[in-house]
Amino acid sequence: MGDRAYLSKSYKNILVSGVSNEGILDTVLIQINRPDAMNALNIELMGEIAEVLKAADKDDKAGCSVITGNEKAFAAGVDIKEIAGPDSVEIYFREMFASWDVIRLVKKPIIAAVSGYALGGGCELTMLCDMIVASETAKFGQPEINLGVIPGAGGTQRLTRAAGKARAMEIVLTGRMVTSAEMHDMGLVTKVVPANKYLEEAISLAKSICSKPSVAVQLAKESILKSFDTTIETGIEFERKNFYLLFSTEDKMEGMKAFIEKRKPEWKNK
Ligand code: CAA
C-alpha cells in the first residue's frame with residue numbers, strides 16, 4: 001500500500017524522484033533546487049522536504065531517502081531574506097522549525113549527499129539526516145554568529161554531542177568553515193569521497209540499506225537515535241523492546257531460517 005503520487009508531483013523548491021533498485025526497495029531522491037539562492041532553506045522548501053519524507057515513510061516500496069543539493073551548495077543556510085525582517089515575537093509565532101520537527105520523527109533512514117556549502121541551517125539539515133556522504137571539497141559550518149544570531153535548528157546540540165564542547169564552541173563562536181575531513185574526524189560525516197562521486201556513493205549506500213528488511217532498519221534507526229536523549233539503562237531497555245518486537249515480523253522468521261538453510265533471505269518488509 002502507500003500512495004506514490006508524491007514521486008511525480010512537482011514541487012516549487014525541490015526535485016523528487018524514485019531511484020529503482022531492481023527487485024529491492026526504491027531510494028527516494030530529493031534535490032534542493034534553489035540554485036540562484038545557494039539553496040537557501042525557506043519555510044516552504046522545508047515543508048516540501050517534510051511532506052516527501054512523510055510520504056516515503058508510508059510508501060511500502062521506498063526504503064531510504066537521499067537529500068542532496070548541487071555541486072556548489074547543499075544549502076547555504078536558512079533563507080536570510082525570509083528571517084531578516086521579523087522580531088522575536090513574530091518569528092516565534094511563525095513556527096519556522098515545524099517541518100524540522102516532522103523530519104526529526106521520520107522513520108526511514110535519510111542520507112545527506114553533500115557537495116559545496118552546507119552552512120547554518122544547511123549544516124544543521126545534514127546533521128538532522130542519519131548519515132552524511134560528503135565530497136572532499138564540501139564546506140560545512142555554523143556562521144550564524146556573523147549575523148548576530150546562533151544556530152537555531154539543532155546545531156549547538158548535534159554538533160556538541162559529536163564534536164565535544166571545546167570543538168563545538170570554536171566552530172560556533174568563530175563561524176568558520178569546517179572541512180569534510182574535520183567533520184569526518186568528529187564522527188559527523190559517514191564517508192568523504194572524491195568531488196565527482198558524492199551522489200553516486202550516497203545512492204549506493206542507500207541501495208545497500210534498501211536491500212535490508214525495512215522494519216528492522218526502521219527500528220534500528222529509532223534505537224540508535226534514542227541514545228541521544230536518554231540514559232544508557234533506558235536506552236538499553238528501549239533497544240531490547242525493539243529487538244523483541246522484531247520477533248513478530250515475517251522477516252525475522254525468514255532471515256534466521258534462510259541462514260540455517262544456507263540460502264539468501266527473501267524479505268517481505270513486514
Ligand atoms: N539566505 C538567502 N540567500 C542566500 C543565502 C542564505 N542563507 N546564502 C546565499 N544566498 C544568496 C545570496 O544572497 C545571493 O543572492 P543574489 O544573487 O540575489 O545576491 C546568492 O545566494 C549567491 O550568493 P553569494 O553571491 O553570496 O555567493 P558567494 O559564492 O559569493 O558566497 C556563501 C557563497 C559563502 C555561501 C555566501 O552566500 C554566504 O555566506 N551565505 C550565507 C551563509 C550563512 O550565513 N548561513 C546561515 C544562515 S542563518 C541560519 O541558517 C539560521 C539557523 O541556524 C536556523
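The values are calculated or read from the model by the stated rules, or taken from the named source; none is laboratory data. Not measured: the values here are computed from a predicted model. Note that each Cβ is placed from the backbone with ideal geometry, even for glycine, and that neighbours are counted across all protein chains shown. These accessible areas exclude ligands, DNA and RNA; they are computed on the full protein's heavy atoms, side chains included. Shrake-Rupley method; radii C 1.70, N 1.55, O 1.52, S 1.80 Å.
Points to keep in mind about this one:
- By the equivalent-ellipsoid construction on the alpha carbon gyration tensor, segment 36-89 comes out with semi-axes of 27, 16, 6 Å, ordered largest to smallest.
- Look at the alpha carbon pairs under 8 Å that are at least 6 residues apart: their mean separation over the length of segment 1-141 gives a relative contact order of 23 percent.
- Reciprocal of mean inverse Cα separation for segment 73-217 (Kirkwood radius, Å): 15.9
- The HN-Hα couplings worked out from phi for segment 208-214 by the Karplus form 6.51 cos²θ - 1.76 cosθ + 1.60 (θ = phi - 60°) are 4, 6, 5, 7, 9, x, 5 Hz, whole numbers, x standing for Gly and Pro.
- Over every Cα atom in segment 214-260, the radius of gyration and the widest Cα-Cα span, Dmax, amount to 12.1, 37 Å.
- Straightening the chain between Glu22 and Lys268 buys 87.1 nm, computed as 0.36 nm per residue apart minus the Cα-Cα spacing.
- Expressed as a whole percent, the accessible surface of segment 5-210 that belongs to carbon and sulfur atoms is 56, based on a 1.4 Å probe.
- For the chain: relative contact order, % (alpha-carbon pairs under 8 angstrom, 6 or more apart): 16
- Average accessible surface area per residue within the chain, 1.4 Å rolling probe, Å²: 54
- Computed over the chain, the per-residue total of -39500 (n - 2.57) for DSSP H runs of n ≥ 4 gives a 222 nm mean residue ellipticity of -13000 deg cm²/dmol, rounded to 500.
- Whether segment 90-148 is rounded, prolate or oblate, judged on the alpha carbon gyration tensor where a/c under 1.5 counts as rounded: oblate
- Here the Karplus curve 6.51 cos²θ - 1.76 cosθ + 1.60, taken at θ = phi - 60°, turns the phi angles of segment 64-81 into couplings of 6, 10, 10, 10, 9, x, 10, 4, 6, 8, 5, 5, 8, x, 5, 5, 5, 5 Hz, with x standing for Gly and Pro.
- Cα gyration tensor shape of the chain, rounded if a/c is under 1.5, else prolate or oblate by comparing a/b with b/c: prolate
- Note on the chain: with charges restricted to the Cβ of Lys and Arg (+1) and Asp and Glu (-1), its dipole about the Cα centre is near 700 debye.
- Accessible area, probe 1.4 Å, largest first, for residues Ile110, Ile260: Ile260, Ile110
- Length released on extending from Phe247 to Ala84, taking residue separation times 0.36 nm less the Cα-Cα span: 53.5 nm
- Taken about its Cα centre, segment 1-119 carries a charge dipole of roughly 200 debye when the Cβ of each Lys and Arg holds +1 and the Cβ of each Asp and Glu holds -1.
- When all alpha carbon pairs of segment 172-270 are counted in 10 Å bins from zero, the resulting P(r) reads 13, 27, 30, 23, 5, 1 %.
- Checked against a 21 Å cut-off, the cross-linked pairs Lys207/Lys270; Lys12/Lys54; Lys221/Lys257; Lys58/Lys197; Lys139/Lys226 give Cα-Cα distances beyond that limit for Lys221/Lys257; Lys58/Lys197; Lys139/Lys226.
- Area accessible to solvent at Arg94, 1.4 Å probe radius, in Å²: 80
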